[in-house]
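See below for the structure under consideration.
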Amino acid sequence: MDSFIKKLTKTYHRSVYPVITPTRPELSQAGKTVLITGGSTGIGYHVAKSFVQAKADKVIILGRRVDKVKAAGEALSAESQGTKVAAIPCDVGSATAVAELWGRFAGEGTRIDVLVLNAANTGIVKPLMEQGLAGVWESYDFNVRTQFDMTERFYKQDLGAGIKKYLIHVSTGAVHNFDVTAAMPTYSMTKHAGALTFQLVAQEIPPEDMQVVVFHPGAILTEAGERLGMTKDSLPWEDPSLPGGFAVWAATPEAEFIHGRFVWAPWDVDELKAGELGKRLKEDQNFLKFNVNGI
Ligand SMILES: NC(=O)c1ccc[n+]([C@@H]2O[C@H](COP(=O)([O-])OP(=O)(O)OC[C@H]3O[C@@H](n4cnc5c(N)ncnc54)[C@H](OP(=O)(O)O)[C@@H]3O)[C@@H](O)[C@H]2O)c1
């Protein structure tokens, strides 16, 4: 599985490191309301925990299983030093539930500053032609339609003049490591389409209005892996503090230089910003974007 790993920077992080540590004062989320899809377990939970550590005003997590979302909300509240935590049972795959959610926010005057689109449909482990249209379309529906629905509603909120929004999409290396994830073609295909959607949204909207960061979180042992039969010994897993800290860093002006690009959380952000990589990011508008090889 080592061939899955793409080391763009010399340093490949496996857990949170100083620059992306949520308690770093420059990354403070004070005054911000953060909404995270799928925040009850796995990566989403650790992203929520990191925003609590970064002292966001309010962290809202969404999940379908009522017991899980409630327990996660209680655990986050117990760690909070002033952050209000709201744990809302909500199936973001349901267009009706999403409309109700944003209607509720509008009604109560809740404005979202940071949206972390984390929940995904992981697809079926089967060749495309064996699963057929229904399976493929269900995955598209979640990994593209739902993501766009949430994004449009988020973007169209009126936060007031000069207030920047931050959109973070938890993507996956499966959007480009097609050979390694060949057994999960629907996942690769639909997460790729979702990530391309954000690339194109970022092409239309300047980072001063809405900063868009799309990232692979690293390999994290979660329920998703466990459903595929993975255990702690299956892979050299990264620590969930890594995508947690990375998401907080991505929701700050420091990450503006990767607006609309696709990056991996394990890559060192200082190395990305400086030297040859930083120069290439400035000069090559296609660098770290989805494109056709060879043209
Ligand atoms: N784990 C990895 O190694 C890895 C690697 C690459 C990319 N990723 C990406 O990281 C993200 C999170 O992965 P994960 O491994 O943490 O997944 P996970 O273990 O399956 O957890 C997903 C979370 O999202 C919630 N969720 C799922 N569907 C939902 C829906 N329709 N509405 C609301 N909440 C929903 C789940 O709670 P309920 O079931 O209660 O709703 C759960 O809390 C995904 O985008 C995935 O593609 C993960």
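The table below lists the values:
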quantity	calculated
Complete set of residues in the stretch 159-177 that are away from the ligand (no atom under 14 Å from the Cβ), without any contact (Cβ under 8 Å) to a residue 24 or more places away in the chain and on the phi < 0 side of the Ramachandran plot	Ala161
Residues satisfying the stated conditions in the stretch 216-255, i.e. touching a Ser or Thr at 6+ places or on another chain (Cβ under 8 Å), within 9 Å of the ligand (Cβ to nearest atom) and farther than 14 Å from Thr41 by Cα	His216, Pro217, Glu238
Filter result for Ser50 (within 14 Å of the ligand (Cβ to nearest atom) and either in contact with a His (Cβ under 9 Å, 6 or more places away or on another chain) or in contact (Cβ under 8 Å) with a residue 60 or more places away in the chain (or both))	yes
Within the stretch 159-174, tally of residues that are out of contact with any strand residue (DSSP E or B) (no Cβ under 7 Å at 6 or more places or on another chain) and closer than 22 Å to Pro243 by Cβ	1
Among the residues listed as Arg145, Arg104, the single one being without any contact (Cβ under 8 Å) to a residue 60 or more places away in the chain, under 22 Å from Lys84 (Cβ atoms) and within 16 Å of the ligand (Cβ to nearest atom)	Arg104
Residues satisfying the stated conditions in the stretch 1-44, i.e. among the hydroxyl-bearing types (Ser, Thr, Tyr) and free of Cβ contacts under 8 Å to residues at least 40 places away in the same chain	Thr23, Ser28
Residue list for the stretch 1-47, restricted to those being in a loop (DSSP other than H, G, I, E, B), within 22 Å of Ala75 (Cβ to Cβ) and within 15 Å of the ligand (Cβ to nearest atom)	Ser15, Gly38, Gly39, Ser40, Thr41
Residue in the stretch 15-23 that is over 16 Å from the mean Cα position of the chain (by Cα) and either over 30 Å from Phe287 (Cα atoms) or at pLDDT below 95 (or both) present	yes
Residues of the stretch 86-122 satisfying the condition of being in a loop (DSSP other than H, G, I, E, B) and within 23 Å of Glu138 (Cβ to Cβ)	Cys90, Asp91, Val92, Gly93, Ser94, Asn118, Ala119, Ala120, Asn121, Thr122
Filter result for Val59 (crowded, with 20+ Cβ neighbours inside 10 Å and in a helix (DSSP H, G or I))	no
Whichever residue in the stretch 148-158 is surrounded by fewer than 18 Cβ atoms within 10 Å (Cβ to Cβ) and within 15 Å of the ligand (Cβ to nearest atom) and, among such residues, is farthest from Phe246 (Cα to Cα)	Asp149
Filter result for Ala75 (of a type in the set (Gly, Ala, Ser) and either touching a Cys at 6+ places or on another chain (Cβ under 6 Å) or not in a loop (DSSP other than H, G, I, E, B) (or both))	yes
Unique residue being exposed (fewer than 13 other Cβ atoms within 10 Å of the Cβ) and under 21 Å from the mean Cα position of the chain (by Cα) when the list is Glu283, Glu276, Glu223, Glu238	Glu223
Given (1) within 28 Å of Glu138 (Cβ to Cβ); (2) surrounded by 18 or more Cβ atoms within 10 Å (Cβ to Cβ), number of the condition Pro266 does not satisfy	(1)
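The values are calculated or read from the model by the stated rules, or taken from the named source; none is laboratory data. Please read all numbers here as calculations on a predicted model, not as lab measurements. Neighbour counts are summed over all protein chains in view; Cβ atoms, including those assigned to glycine, are modelled from backbone coordinates with ideal geometry.
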